[in-house]
Amino acid sequence: CSTSANMPVLTLFTKKPCPLCDEAKEVLDPYKRRFILQEVDITLPENSAWYDKYKYDIPVFHLNGKFLMKHRVDIQKFEDQLRKLELQND
């Protein structure tokens, strides 16, 4: 559908294994039709800048390229930001 072009992009900075990342994805699961999830493996050579920045903080989430939250999903903050983006796109 054409709306996916306007869907917010949630970027998850992660590495394997990451039990907290798995937990975070489960928490976000009910919302998955409202955003595009993009995962960035910080251990890949091309992502070394993210590794240096986030190696002690994953999971880290950016929404549309802006830092949103780290360690745990703050569902209230996530919902608020998601709603703001959805209203901008309407």
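The values are calculated or read from the model by the stated rules, or taken from the named source; none is laboratory data. Remember, it's a predicted structure, so these values are computed and weren't measured experimentally. Here the Cβ is made from the backbone with ideal geometry for all residues, glycine too, and neighbour counts use every protein chain on show. Side chains included, ligands, DNA and RNA excluded: accessible areas come from the protein's heavy atoms. Shrake-Rupley method; radii C 1.70, N 1.55, O 1.52, S 1.80 Å.
So, in nm, how far is label residue 86 from label residue 57 when the simple model puts each one 7 Å beyond its Cα toward the Cβ?
2.7 nm
Could you provide, to the nearest whole Å², the per residue accessible area of the chain with probe 1.4 Å? Spell out each step's value before the answer.
Details: 5930 Å² over 90 residues.
In whole numbers, the chain has 66 Å² accessible per residue.
How large is the Kirkwood hydrodynamic radius of the chain, counting all unique pairs of alpha carbons, in Å?
Numbers: mean 1/r = 0.0740 Å⁻¹.
So the Kirkwood estimate lands at 13.5 Å.
Could you run the Karplus curve 6.51 cos²θ - 1.76 cosθ + 1.60 with θ = phi - 60° over the range 35-40 and give me ³J(HN,Hα) per residue in whole Hz, x for Gly and Pro?
Ordered by residue, 3J(HN,Hα) equals 8, 9, 8, 10, 9, 10 Hz.
Would you mind working out the magnitude of the charge dipole of the range 9-88 relative to its Cα centre, with +1 at each Lys and Arg C-beta and -1 at each Asp and Glu C-beta, to the nearest 20 Debye?
Details: 14 positive and 13 negative charges, 34 e Å.
So the dipole magnitude of the range 9-88 works out to roughly 160 debye.
Summing +1 for each Lys or Arg and -1 for each Asp or Glu, what net charge is found among the other residues whose Cβ lies under 14 Å from the Cβ of residue 8?
Numbers: positive: 32, 33, 34, 66, 77, 83, 84; negative: 79, 80, 86, 90.
Computed value for this residue: +3.
Under the rule of -39500 (n - 2.57) per DSSP H run of 4 or more residues, summed and divided by the residues of the chain, what mean residue ellipticity at 222 nm is obtained, to the nearest 500 deg cm²/dmol? Intermediate values should be presented prior to the final figure.
Values: 3 runs with 32 residues, N = 90.
The helix-only estimate for the chain comes to -10500 deg cm²/dmol at 222 nm.
First compute the accessible area of the range 9-88 with a 1.4 Å probe, then give the percent of it belonging to carbon and sulfur atoms. Walk me through the intermediate numbers first.
Details: 2700 of 5100 Å².
That fraction is 53 percent.
Which angle from 0 to 90°, rounded to the nearest 10, does the C-alpha axis of helix 75-89 make with the longest principal axis of the chain?
Between the helix axis and the principal axis of the chain, the angle is about 50 degrees.
On a 0 to 90 degree scale, rounded to 10, what angle separates helix 19-28 from the longest Cα axis of the chain?
0 degrees
For residue 29 and residue 48 in one chain, what is 0.36 nm times their gap in residues minus the Cα-Cα distance, to one decimal in nm?
Contour length minus the Cα-Cα distance gives 4.0 nm.
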